[in-house]
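Just below is one structure, and these are the notes that go with it.
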């Protein structure tokens, strides 16, 4: 059995996301524990750059002043414009839950 994840891949992706956009492709990452990503870069003056793809390991520090990286672990999960909130809530609940048991 081969583990893989299917993710949308694009640089300068349209927001809101359009799957049929000419420069959107699908990548099949077969690395163990690979995840789909969405990176949002604030360029200033109301401009931003969104890219999507996949990574072998999601960085633990995923937010800086101008860049946010969101990771998810199911096929095509980086298509949503709103999945970042669910990931944020998951991590928030995890970090609230852990200290209660330490």
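Selection of the stretch 1-21 for residues being assigned to a strand (DSSP E or B) and touching a helix residue (DSSP H, G or I) at 6+ places or on another chain (Cβ under 8 Å) yields 7, 8. Criterion first (in contact with a strand residue (DSSP E or B) (Cβ under 7 Å, 6 or more places away or on another chain), surrounded by 13 or more Cβ atoms within 10 Å (Cβ to Cβ), at pLDDT 85 or above and part of a loop (DSSP other than H, G, I, E, B)) does residue 75 satisfy it? So residue 75 fits the description; yes. Within the stretch 29-40, one or more residues are touching a residue at least 24 places away in the same chain (Cβ under 8 Å), over 12 Å from residue 53 (Cβ atoms) and assigned to a strand (DSSP E or B). Could you list, in sequence order, the residues of the stretch 13-32 that are surrounded by 14 or more Cβ atoms within 10 Å (Cβ to Cβ) and touching a strand residue (DSSP E or B) at 6+ places or on another chain (Cβ under 6 Å)? The answer is 13, 24, 27, 29.
The values are calculated or read from the model by the stated rules, or taken from the named source; none is laboratory data. Not measured: the values here are computed from a predicted model. In this analysis, Cβ positions are derived from the backbone assuming ideal geometry, glycine residues included, and neighbour counts consider all displayed protein chains.
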